[in-house]
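Shown next, in structure tokens, is the structure this report addresses.
The values are calculated or read from the model by the stated rules, or taken from the named source; none is laboratory data. Model, not experiment: these values are computed from the prediction. Backbone-built Cβ (ideal geometry, glycine too); neighbour counts: all protein chains shown.
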Amino acid sequence: MLQFVLFVLCVPLAGGAADAYDAALDRRFAEPQGSTNPTPAAPDPHLAAIERALKAEQQARAEGPPAPAPEPISRMDWMSLTAVLLMVILALSRIIKSLNDRLKNEILLSEEAREQALREKLIAEEPNLVAFFNELRYGLGTSLDKGVTESSEEIWTGKSKQEAAARLREFFVVAPGQIVGLRAQFSKITRASDKAIRVELLREFFHQLSTLKEKAGLPELRPAWLMICGLQGLVQQLSMTATNINPSVLRTAAGAVDVLETLCAPGVDPNLATRTPVELLAVDDNAVCLSAVSLALKKAFRQPDLAAEGVGGLALAQQKQYDAIFLDVEMPGMDGFELCQKIHETYLNRTTPIIFVTSHSDFDSRAQSTLVGGQDLIAKPFLSFEITVKALTLTLRGRLENKAEETEESPAVVPVAEPA
């Protein structure tokens, strides 16, 4: 382009301009040296134009060709750009969704892993603990006939009817003294502060329970035998780790001893724990804690009913009568205290014992739990046998009280004199 301009400028000057330029050069070099002519020659306009054109061409060559002007973006280009942006946004949204799904899966897997670890911990007990759970499961799962027969006595005890009757009389004689000994030993355990001493006291307590259990191996004493089995398992678990002893487990053991004393008296229904299956309910919004309670109960009892929140627990309590109910305290929506009150307002479970399973810090609210009708508190984390013994204790105590009420309410039978 620049060359064309220069060509246009130079063509008109090709004739006379060139001659004028040559003449001007001749005149300049023809002047004598040292001339004193004060008036300089007038500049030739054609020569100046040529010089400017040459300088412009030189400068243009140094700067390079000019950048082309940007072309306007057409509508089609805008549509293509929009499509590309949409594809990028869609790809990013898919990546974000994939990352969120992976994060959720990792959270679920971690919760399942914790729950599985808890299951393995509760299931993988020491062999002697498993034996106690098996004894309880067998004793709770086999109901005796209303009238104890000689064959059932021989199957249960391996003794004849006469020998069993003698053992039964002996038991009622020696049992009160042995219960006194258990209470004294338990008092020593609660006062002991040294771990080694406490373990030795627990072992002695276990030995005393074993002696009483051997004497209670009769069909008529099935409820007492079951209570002793539960206490033995709890004491055995405590003796393995004496640091597990806390106010919660001590109250559980003390309550079991109280019920055991009642069960060791004459007149207790042999089928007290087996005439109808033991029905239990657990409510907790924490899936791991709810699973732990369920697994502990299933080792000795049938599958408990479970609810993950208060509304579901209340709905179950309105449909079925339970022997004992385990509630968490802190739950969203309806907490354990409110749920306890509402359960006791139902017809079927107005007197059902309720146990709060909570943390150690919540024991300051014991007064509130009593006001709303709670029976007791169990501390988290808990021992599997503590849950078992608590459920067995409250079940047997509740059925004893119901039996006593039924006896008081039943009308006395007046014998009719036979006609002469």
TODO: Could you list all residues from the range 321-347 that are assigned to a loop (DSSP other than H, G, I, E, B) and among the polar types (S, T, N, Q)?
DONE: GLN321, THR346
Task: Check on ALA224, farther than 30 Å from GLY313 by Cα, touching a residue at least 12 places away in the same chain (Cβ under 8 Å) and of a type in the set (Gly, Ala, Ser) - done: yes
Open item on the list: If I ask for residues that are touching a helix residue (DSSP H, G or I) at 6+ places or on another chain (Cβ under 9 Å) and either among the hydrophobic types (A, V, I, L, M, F, W, C) or under 13 Å from ALA254 (Cα atoms) (or both), which ones from the range 182-196 would you list?
Closed with: LEU182, ARG183, GLN185, PHE186, LYS188, ILE189, THR190, ALA192, ALA196
Task: Whichever residue in the range 227-239 is of a type in the set (A, V, I, L, M, F, W, C) and in contact (Cβ under 8 Å) with a residue 60 or more places away in the chain and, among such residues, is nearest to LEU129 (Cα to Cα) - done: LEU234
Task: The listed residue being touching a helix residue (DSSP H, G or I) at 6+ places or on another chain (Cβ under 7 Å), loosely packed, with under 14 Cβ neighbours inside 10 Å and under 17 Å from PHE132 (Cβ atoms), out of ARG222, ARG203 - done: ARG203
Open item on the list: Can you confirm whether ASP258 is out of contact with any Pro (no Cβ under 8 Å at 6 or more places or on another chain), charged (D, E, K, R) and modelled with pLDDT of 90 or more?
Closed with: yes
Task: Enumeration of residues in the range 270-311 that are over 18 Å from the mean Cα position of the chain (by Cα) and over 16 Å from ALA391 (Cα atoms) - done: PRO270, ASN271, ARG275, VAL311
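I'd like the residue in the range 229-269 that is over 34 Å from the mean Cα position of the chain (by Cα) and charged (D, E, K, R) and, out of all such residues, is surrounded by the most Cβ atoms within 10 Å (Cβ to Cβ).
Going through the qualifying residues, I end up with GLU261.
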Task: Given (1) within 18 Å of GLY398 (Cα to Cα); (2) buried (at least 20 other Cβ atoms within 10 Å of the Cβ), index of the condition GLU279 fails - done: (2)
- [ ] Being touching a helix residue (DSSP H, G or I) at 6+ places or on another chain (Cβ under 7 Å) and among the polar types (S, T, N, Q) is the filter; apply it to the range 299-351 and report the residue that is surrounded by the fewest Cβ atoms within 10 Å (Cβ to Cβ).
- [x] THR346
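Going by the structure shown, is GLY217 in contact (Cβ under 8 Å) with a residue 12 or more places away in the chain, part of a helix (DSSP H, G or I) and either surrounded by 22 or more Cβ atoms within 10 Å (Cβ to Cβ) or touching a Ser or Thr at 6+ places or on another chain (Cβ under 9 Å) (or both)?
no
Residue by residue, here is whether (1) under 22 Å from the mean Cα position of the chain (by Cα); (2) at pLDDT below 90; (3) polar (S, T, N, Q) holds:
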| site | (1), (2), (3) |
| --- | --- |
| PHE326 | yes, no, no |
| GLY333 | yes, yes, no |
| PHE356 | yes, yes, no |
| GLY373 | no, yes, no |
| ILE378 | yes, yes, no |
| LEU383 | yes, yes, no |
| ILE387 | yes, no, no |
| THR393 | no, no, yes |
| GLU401 | no, yes, no |
